[in-house]
Amino acid sequence: MVTGGLWLAWQRLRGTVSMALFGLSGALVAGSVQHVVQTCRGNCLGCGSCAVALAGAVVSASAGVAERTSGRRRRLLLALTALAGLALYYLLSLYKRGLLPFQI
Amino acid sequence: MPGAKSRRHLYIRFGSYLLGLMLFYVPASLFVRAFYGVQGQHLVGNLCDSLNLRMGVGGLLKIETWQKVFAADPRSLGIFAVIAVAFLFGPLFCGWVCAAGSLSEGLSRLVPDRFKIDIAGRVNAAAIRYGFLSGFMILPFIGLSAGCAFCNFRILNFMSLGITGGFVPALTSTYIVVIALWLVLGGMFMKGGRGWCNFLCPVGAIQNLFHGLGARLGFTYKLKYAPEKCRTCLNCVKVCPMRAAAPAAEGRWRTANGAGVLFNRHTCITCNDCVAACPHGALSYGVGKAAVPAPAPSPQPAGAALGAAAGRSEV
């Protein structure tokens with residue numbers, strides 16, 4: 001009975017939660033970029049915070065994508081989300097080592 | 001075309017935004033100066049003496065923030081004052097004194113409507129903003145923050161300093177991203193001009209969260225809707241800067257004419273533009289019940305489903 005009620009509540013809320021996951025992902029990306037921009041250039045201590053935040057952002061966005069899409073479209077968007085996360089991490093790594101030709 | 005009542009309301013609101021600029025932003029930042037003045041301290045009015053609400057929200061789950069509150073630091077006290085006001089009276093800070101939101105809203109009025117994106121009833125902005133807020137408050141626990149580099153309050157501080165001849169730092173890419181989202185995409189090219197507020201402002205999100213809780217109580221102030229007076233002219237939907245109003249589905253309300261309107265408590269900033277724009281007196285701001293729903297003719301009102309799907313609480 002309770003499980004059924006919870007399941008119904010979840011069915012009503014899942015659209016809202018999936019949108020919230022995109023917002024959460026945005027905050028984690030922003031936090032990761034701010035951390036690298038403000039403290040890490042030429043001074044990376046290898047704390048791993050940027051990687052943790054970006055991984056969290058990818059997982060959160062992927063959960064949102066998985067909830068809102070299906071089939072081939074889901075697989076494609078999940079792959080794109082993961083690639084975007086990796087690309088951003090690579091960009092931030094280059095920046096930390098001073099290898100980007102511009103200031104972020 | 002807006003009526004005389006609407007225009008007068010708009011002038012009063014923009015006047016209050018100017019007051020907000022003077023109260024919370026350097027070089028004036030009268031609120032913080034006055035608070036420090038009472039404590040016998042002298043301030044010169046630099047950036048850190050302005051009200052850092054965004055930082056306040058980011059640190060709400062941290063013990064240090066609460067220690068600062070007990071030390072009566074006005075920059076930390078500010079966020080608690082704003083939350084208390086939101087609980088009792090609605091997000092008045094957003095609707096009446098936030099100069100950052102008013103700037104993008106004002107810019108939006110310069111662009112014709114046909115060039116603007118309208119998110120009303122299309123995107124669940126409240127859910128995205130609450131998600132952003134939760135990430136924003138979790139970040140400090142992994143040693144990060146999404147505060148200063150992406151802060152539109154800070155950029156507005158720089159702008160007001162620049163206009164008054166103060167020091168303005170070089171634009172970094174994060175500031176360029178913020179300006180593009182806040183003033184261009186979410187401002188000029190979004191209907192209502194409150195795109196940044198709708199999706200990304202953690203200060204607005206925490207106020208709406210507490211407003212959503214407070215509005216359930218009878219003694220708090222809130223937007224009130226009288227369906228029996230509503231003629232579904234949708235003036236309120238047209239003027240709402242937060243796109244918090246949307247036409248209700250048939251059967252949701254027993255109105256004088258048409259299906260009526262639904263308001264999203266989680267994006268409403270109690271600016272009362274809708275109250276001023278309503279020619280039939282169906283909307284008001286005050287204490288009591290938010291609305292008296294008419295008995296639904298069908299067992300599952302379509303409007304209720306719409307409201308739930310869009311993350312709306314009933315008004």
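The values are calculated or read from the model by the stated rules, or taken from the named source; none is laboratory data. None of these values were measured; they are calculated from a predicted model. In this analysis, Cβ positions are derived from the backbone assuming ideal geometry, glycine residues included, and neighbour counts consider all displayed protein chains. Note: areas computed on protein heavy atoms with side chains; ligands, DNA, RNA excluded. Shrake-Rupley method; radii C 1.70, N 1.55, O 1.52, S 1.80 Å.
Summary of values
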| quantity | calculated |
| --- | --- |
| Test: residue B:90 is in contact with a strand residue (DSSP E or B) (Cβ under 9 Å, 6 or more places away or on another chain), open to solvent by less than 10 Å² (accessible area, probe 1.4 Å) and at pLDDT 85 or above | yes |
| Total residues in region A:1-56, condition closer than 14 Å to residue B:131 by Cα and more than 7 Å from chain B (Cβ to nearest Cβ) | 7 |
| Helices (runs of 4 or more DSSP H) wholly inside region B:141-224 containing at least 2 residues that are touching a residue at least 40 places away in the same chain (Cβ under 8 Å) and surrounded by 24 or more Cβ atoms within 10 Å (Cβ to Cβ) | B:152-163, B:195-199, B:202-214 |
| Count - residues of region A:23-76 that are in contact with a Cys (Cβ under 7 Å, 6 or more places away or on another chain) and in contact (Cβ under 8 Å) with a residue 24 or more places away in the chain | 2 |
